[in-house]
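Rule-based calculations on the coordinates, nothing more; no lab input. If you're wondering where the values come from, they're calculated on a predicted model, not measured in any experiment. Positions of Cβ are backbone-derived with ideal geometry, glycine not excepted, and every protein chain shown enters the neighbour counts.
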Amino acid sequence: MSKFDIAILMGSKSDLEVMKGVFQALDQFDVSYDVRVLSAHRAPTLVIEYVKNSIEQGVAAFICGAGGAAHLAGVVAGHSHLPVIGIPVASGALNGNDSLLATVQMPKGIPVATVAINGAYNAGLLAVQMLSLKKPELQGKMITYKQEMQNKVKAISDELQIELGRE
């Protein structure tokens, strides 16, 4: 296992389409990551082994996406002293509400930062913000990112005012 900043786990390969948002955010900020499919229920020993190996390699945080019972982030948090971000993945009859509750309702002492259902891009951004505490060069990139976002919103608003004749 080579060195990387963020460890990304998904409970099933079917979560991949949602999890691509994490890759997009981390790639945008040039943050290194590793990706694995590891199930909290079907391969718990492999999850624990991966978490321990990742910590030894110097990983800064974990991002876990899972649908259904969505226990992956909690299992990782239970075996790590590092930040864990959970992504509830929409699946099944409850459209991700089951995943959301399973991810966000952690017992006292086992925190998992939880983003919106299918909120993978935001999970990636949150990981970048966490990592920026260790890598200050990311702070500048995040400030620029947020300024550009603000500029785009202002431009859209200005265009709307022109369209409405309210310059």
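Descriptive notes on the structure:
- Approximate spin-label separation Val37-His81, in nm, with each point projected 7 Å along Cα-to-Cβ: 3.4 nm
- Helix 16-28 and the longest principal axis of the C-alpha atoms of the chain enclose an angle of approximately 60°.
- Taking packing as the residue-averaged number of other Cβ atoms within 10 angstrom, the listed peptides 143-151, 89-97 run from highest to lowest as 89-97, 143-151.
- Only helices enter this figure: runs of n ≥ 4 DSSP H residues, each worth -39500 (n - 2.57), summed and divided by the residues of the chain, yield -15500 deg cm²/dmol at 222 nm to the nearest 500.
- What the phi angles of region 81-97 give under the Karplus curve with 6.51, -1.76 and 1.60, with θ = phi - 60°, is a coupling list of 9, 9, x, 10, 10, x, 10, x, 9, 5, 6, x, 5, 9, 6, x, 5 Hz, glycine and proline written as x.
- Dipole of the chain, positive end: most advanced residue of Leu100, Ile143, Leu16 [Cβ charges, Cα centre]: Leu100
- The Lys3 and Ile156 beta-carbon pair, evaluated with R₀ = 41 Å, returns a calculated FRET efficiency of approximately 0.50.
- Relative to the longest principal axis of the Cα atoms of the chain, helix 137-163 runs at roughly 40 degrees.
- Peptides 58-68, 5-15 ordered by packing proxy, namely the average of other Cβ atoms within 10 Å per residue, highest first: 58-68, 5-15.
- Cut-off under 5 Å, modelled amide H: who pairs with Ile87 long-range: Cys64, Gly65, Ala66
- Relative to the longest principal axis of the Cα atoms of the chain, helix 120-131 runs at roughly 80 degrees.
- Cβ charges +1 (Lys, Arg) and -1 (Asp, Glu), total dipole of the chain, debye: 440 debye
- Relative contact order (%) - criterion: Cα under 8 Å, at least six apart; region: the chain: 23 percent
- Built amide H within the under 5 Å cut-off of His71, gap 5+: none
- Pairs of Lys residues in region 6-135 that lie 8 or more places apart, or on two chains, and have C-alpha atoms under 24 angstrom apart add up to 5.
- Tail weight of P(r) past 28 Å, computed on alpha-carbon pairs of the chain, percent: 27 percent
- Taking amide H atoms as placed 1.01 Å from N in the peptide plane, the amide H of Ala61 lies under 5 Å from those of Ala7, each 5 or more residues away in sequence or on another chain.
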